[in-house]
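> First the structure, then my questions, so here it is.
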Amino acid sequence: MKIPIYMDYHATTPVDRRVLEAMLPYFSEEFGNAASKSHAFGWRAEEAVEAAREEVAKLVGASAKEIVWTSGATESDNLAVKGAAQFYQSKGKHLVTCKTEHKAVLDSMHALERQGFEVTFLDVEKDGRLDPARLAAALRKDTTLVSIMHANNETGVVHPIEEIGRVTRAAGVLFHCDAVQGVGKIPFDVEKANVDLASLSAHKMYGPKGMGALYVRRKPRVRLVAQMDGGGHERGFRSGTLNVPGIVGFGKAAELARLEGAAEAERVLALRERLRRGLQAGLDLLTVNGSLAHRVPGNLNVSFAYVEGEALMMAIKDVAVSSGSACTSASLEPSYVLRAMGISEDLAHSSIRFGLGRFTTAEEVDHVIRLVVEKVAKLREMSPLYEMVKDGVDLSQIEWANPH
Amino acid sequence: MAYSEKLLDHYENPRNVGSLDKNDPDVGTGLVGAPACGDVMKLQIRVSDDGVIEDAKFKTFGCGSAIASSSLVTEWVKGKTVDEALTIKNTDVANELNLPPVKIHCSVLAEDAIKAAVADWQKKHGMAPTVKPDTVQGDRAALLERGVLKSGI
């Protein structure tokens, strides 16, 4: 077993060797600019780009012409949200999203607010999912765009996007879906979910960083105001010379996900459940944050009550995970995603996100279970809160003096 | 975030973890912070008849810096008189452990814990507290100004 152990697959994934091999020729021998129409260097690059476009489209049930290459999902989210809101602003200036969205969507929405748009930020249920009825109730005559993610990056909770798509389609409102955490792991089909715009990222599915795509529906046609002006690449949606090696890598990663995704999901889910059961067998006062049934296979977001998340991460320093604890950010605020689900601040501070993926092994999972059980027990022995609770003190009844 | 060796040593081998009998008249208990903020420190001191801190124990819910800060102050207060212990400043703790700016509040909490423990002991002995544990507002203001703390935290 290799130490350190990587269990942060939501943050990023390693490039699959097969993806890397597909990419390598496009750095040196096949270095042409895909926009060079006058010679073979350009033609071969373009051919590779279009083959990759087919692959990415196939993975999400789209046609190749509906895929626009970007530099990553943050750019895709910006282009979709700002581009659609701005293009359709004569129809209305009301937008709807959800409080647990990725910052790339939330901050794009905030930027639009400063441009005079009105945005409704919907609450989620305790299990982290959006109730489609809540969405339906928020729609207005002047609503033009709804942006709801497929799976959440912190909790792995999967929204009922097909029901959401029915609501938006019936209301004649565009539906943008940040599908970064779901695609390649669980089925995602733009037709089944009536998605009009979808953000995709290569590095979350064993492709390279700095490579993304935006699905833009053609029937009925969705139009956008470009956010990057220039040479008019990507049918004017996104100017800039194409990242050919990155695109080739994305295409290969999509192909692998299409061919192997279902089997991989099954294997990763079994490992995730092995981890969850192992932790629950070894520790009390452990809560899974968000719906277990509606969750991507590789995610386990848990709170270890009375143990602070960053302290636990330091204790298991040979395991790469992340935490919703404030101590991992400069803001001193715990995870807004967990807070929006109604999880108390102290449990948000105690949360750890385990992300399992393609290269996770059962041996690694067993090692992590042993380590976490041991370290949580040690930190609880050191925790005044755990001591008080064991002595029968109700912590909610204490007036905490001197709060920082 | 890179932590100093001293901090890691105190985190990995914390000194004086445990509890003293909070009902013992010679024991002063300070409990500072709040679970919602991600930091709670309990510091206990046992004070001899001549006002010397003979023993100190801590338990902390918090990040590695909070645990290390409380471990350090238990070492520092032992053998000091209560008056000497009150001269320990958060900046001493922050400098000793080389705390990064976002972790300065951990050292503030450690200083508060000493003050709260001494005040509790003084109260048990019918003395007026030398320093009220909530009088570190000046330091908080400085932290707010530097953007280390956000208002409302």
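> Specify, per residue and in Å³, the volume enclosed by the convex hull of the alpha carbon atoms belonging to region A:1-135.
207 Å³
> May I pose another question? If neighbour count is taken as other Cβ atoms inside 10 Å, put A:PHE304, B:PHE58, A:PHE359 in order from fewest to most.
Lowest to highest Cβ neighbour count: A:PHE359, A:PHE304, B:PHE58.
> Also, quick follow-up: Pop out the Kirkwood hydrodynamic radius of the protein assembly as shown from its pairwise C-alpha distances, inverse of mean 1/r, in Å to one decimal.
25.7 Å
> With point charges of +1 on the Cβ of Lys and Arg and -1 on the Cβ of Asp and Glu, referenced to the Cα centre of region A:168-311, which listed residue (A:PHE237, A:GLY278, A:CYS177) lies farthest in the positive direction of the dipole?
Farthest towards the positive end: A:PHE237.
> Here's another thing I want to ask about it. Determine, for A:VAL146, A:VAL190, the number of other Cβ atoms within 10 Å of each Cβ, and report the residues in order from fewest to most.
Fewest to most other Cβ atoms nearby, the residues stand as A:VAL190, A:VAL146.
> Efficiency by 1/(1 + (r/R0)^6): what FRET value for A:LYS390 and B:ASP9, r their Cβ-Cβ distance, R0 = 30 Å, to the nearest 0.05?
0.60
> Relative to the present Cα-Cα distance, how much length would full extension add between A:ARG277 and A:GLN89 at 0.36 nm per residue of separation?
62.7 nm
> Additional query: List the residues whose amide H sits under 5 Å from the amide H of A:THR120, counting only those 5 or more places along or on another chain, with H placed 1.01 Å from N in the peptide plane.
Amide H neighbours of A:THR120, under 5 Å, 5+ apart: A:LEU95, A:VAL96, A:THR97.
> Another question about this same structure. Straight distance only, please: which aspartates and glutamates reach the Cα of B:LYS6 with their own Cα at less than 16 Å, same-chain residues fewer than 8 apart left out?
Partners within reach: B:GLU75, B:ASP92, B:GLU96.
> Also, I was wondering about something else. Step through the residues of region A:309-314 one at a time and calculate ³J(HN,Hα) from phi using the Karplus curve (6.51 cos²θ - 1.76 cosθ + 1.60, θ = phi - 60°), rounding each to whole Hz and writing x for Gly and Pro.
In residue order, the calculated couplings are x, 5, 4, 5, 5, 5 Hz.
> What FRET efficiency, computed as 1/(1 + (r/R0)^6) with R0 = 45 Å and r the Cβ-Cβ distance, is obtained for B:ALA128 and A:THR287, rounded to the nearest 0.05?
0.50
> Have a look at the DSSP beta bridges in chain A and tell me what percent are antiparallel, nearest 5.
55 percent
> Which ³J(HN,Hα) values, rounded to whole Hz and listed in residue order, are derived for region A:127-136 from phi using the Karplus coefficients 6.51, -1.76 and 1.60 in 6.51 cos²θ - 1.76 cosθ + 1.60 with θ = phi - 60°, glycine and proline given as x?
8, x, 8, 8, 7, x, 5, 5, 5, 4
> Give A:LYS103/A:LYS375; A:LYS93/A:LYS209; A:LYS58/A:LYS209; B:LYS42/B:LYS78 a once-over and call out the pairs whose C-alpha atoms are over 23 Å from each other.
As for pairs spanning more than 23 Å Cα to Cα, those are A:LYS103/A:LYS375; A:LYS93/A:LYS209.
> Using helices alone, what [θ] at 222 nm do you get for chain A, with -39,500 (n - 2.57) per DSSP H run of 4 or more residues, divided over all residues and rounded to the nearest 500?
So the calculated ellipticity at 222 nm is -12000 deg cm²/dmol.
> Using θ = phi - 60° and the Karplus form 6.51 cos²θ - 1.76 cosθ + 1.60, what ³J(HN,Hα) does each residue of region A:145-159 get, whole Hz, x for Gly and Pro?
Here the 3J(HN,Hα) series is 9, 10, 10, 9, 6, 7, 10, 7, 6, 8, 9, x, 5, 9, 6 Hz.
> With a 10 Å Cβ neighbour count serving as the proxy for reagent exposure, in which order, fewest first, do A:TYR336, B:TYR11, A:TYR215 appear?
A:TYR336, B:TYR11, A:TYR215
> Once a ≥ b ≥ c are taken as the square roots of the eigenvalues of the Cα gyration tensor of region A:108-153, is the result rounded (a/c under 1.5), prolate (a/b larger than b/c) or oblate (a/b not larger than b/c)?
oblate
> Taking GluC sites (Glu not before Pro) as exposed when DSSP calls them loop (any state but H, G, I, E, B) and at most 10 other Cβ atoms lie within 10 Å, what is the longest stretch of chain A free of them, the sites themselves excluded?
Of all site-free stretches, the longest is A:30-398.
> Starting from the Cα of A:THR12, step 7 Å along the direction of its Cβ; do the same at A:ARG267; then give the gap between the two resulting points in nm.
Each label point lies 7 Å from its Cα, and together they span 2.3 nm.
> Work from the charge dipole of chain A (Cβ charges, +1 for Lys and Arg, -1 for Asp and Glu, about the Cα centre) and give the residue of A:TRP43, A:VAL68, A:GLN397 farthest towards its positive end.
My answer, from the dipole projection, is A:TRP43.
> Can you tell me which aspartates and glutamates have their Cα less than 16 Å from the Cα of A:LYS378? Leave out same-chain residues fewer than eight positions away.
Those aspartates and glutamates meeting the cut-off are A:ASP284, A:GLU308, A:GLU310, A:GLU387, B:ASP9, B:GLU12.
> For each pair in A:LYS65/A:LYS252; A:LYS99/A:LYS252; A:LYS2/B:LYS57; A:LYS126/B:LYS57; A:LYS126/B:LYS103, compute the distance between the two Cα atoms and list the pairs where it is over 29 Å.
Flagged as over cut-off: A:LYS99/A:LYS252; A:LYS2/B:LYS57; A:LYS126/B:LYS57; A:LYS126/B:LYS103.
Readers should treat all values here as calculations from the given coordinates under stated rules, not as data from a laboratory. Small disclaimer: the values here were computed from a predicted structure and weren't measured. Cβ coordinates were reconstructed from backbone atoms using ideal geometry, including for glycine residues, and neighbour counts include every protein chain displayed.
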